[in-house]
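Accompanying notes for the structure given below.
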Amino acid sequence: MKGFVWLVGAGPGDPELMTRRAARVLGEADLVLYDALVDPRALDLAPQARRFPVGKRAGRPSIRQETINRLMVRAARRGQRVVRLKCGDPFVLGRGGEEALALVSAGVAFEVVPGVTSAVAAAALAGIPVTHRGLAAGFVVVSGHAATAYGPVLDSLAPHSLTVVVLMGLGSRAAVASRLLARGWSPLTPAAVVLGAATDAARTWTGTLGALGSTPLAEEDAPGTIVVGAVVSLAAVLGRAAETDDSAVAVGAAR
């Protein structure tokens, strides 16, 4: 029997936001290698599989990417059906491309199952459309874990030209804010931090770019998405409307 690997996007948090295909392949899996922030309820969709955490968290000991690649290849060569379950979308700042290349190099058959990226979903669940007519005609997504990653992109933007979305950037939000301010962005530019999107512990801070770096956030260890731009102003109306809809995913507010 030939093994197979699925690179599956788990979405922004709530398993109900996963695709039907993601749920189906989890049910067929023999082995699930999952990220640290994957909701435990998503793992319930793989009742017959062995499940191992392989996620990486900033500043903590973690499994090397090369080791994850070897685990996938070895299991597939043994004939197992493997799901590599990744937060958000596998190909959006999740190193899914590196894993796909490793599988190609090893001659292992695989499929990418896209997921809803937190870059868009976290903002949406807080009532922030990343684009809106008259406010923003586009958006840019950067990783906030290193200045070498986000610096050149932010430096290239004309002030207020796009919505800026920063993933994995809670610890660098002061540096991100300073960089934008130095490039001519107004300190009064609306800004938001969405913490734990699509989870029961979801919280949203909204304020200004000038206050983004200095405002303390109690949930520093939670997954967070930073949004900067005029579209954040819509959260005052759209975010509150979402919170009153029992059918919506809760996004508790700490505004």
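Every number in this text was worked out from the coordinates using simple rules, so none of it is lab data. Values in this document were obtained by computation on a predicted structure and should not be read as measured data. Don't worry about glycine lacking a Cβ; one is built from the backbone with ideal geometry, like all the others, and counts go over all protein chains shown.
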*Among the DSSP beta bridges whose two residues both lie in the chain, what percent are antiparallel, rounded to the nearest 5?*
40 percent
*Relative to the longest principal Cα axis of the chain, at what angle does helix 65-77 sit, 0 to 90 degrees, rounded to 10?*
30 degrees
_trypsin sites (Lys or Arg not before Pro) within the stretch 125-188, DSSP loop, no more than 16 other Cβ atoms inside 10 Å_ = Arg133, Arg183
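Given an 8 Å cut-off on Cα distances and at least 6 residues of separation, report the relative contact order of the chain as a percent. It would help to have the intermediate numbers written out before the result.
Values: 542 pairs, mean separation 50.4, N = 255.
It rounds to 20 percent for the chain.
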*Answer rounded, prolate or oblate for the stretch 24-121, using the Cα gyration tensor with square roots of eigenvalues a ≥ b ≥ c: rounded when a/c is under 1.5, else prolate when a/b is larger than b/c, else oblate.*
rounded
*Would you calculate a helix-derived [θ] at 222 nm for the chain, using -39,500 (n - 2.57) for each DSSP H run of n ≥ 4 and dividing by the full residue count, to the nearest 500?*
-8500 deg cm²/dmol
*Around Val112, which amide H atoms from residues at least 5 apart in sequence, or from another chain, sit under 5 Å from its own amide H, with H modelled in the peptide plane?*
Leu7
*asked:* With Rg and Dmax of the Cα atoms in Å as the read-out, I listed (1) 20.6, 64; (2) 19.0, 60; (3) 22.5, 73; which label goes with the value calculated from this structure?
replied: (2)
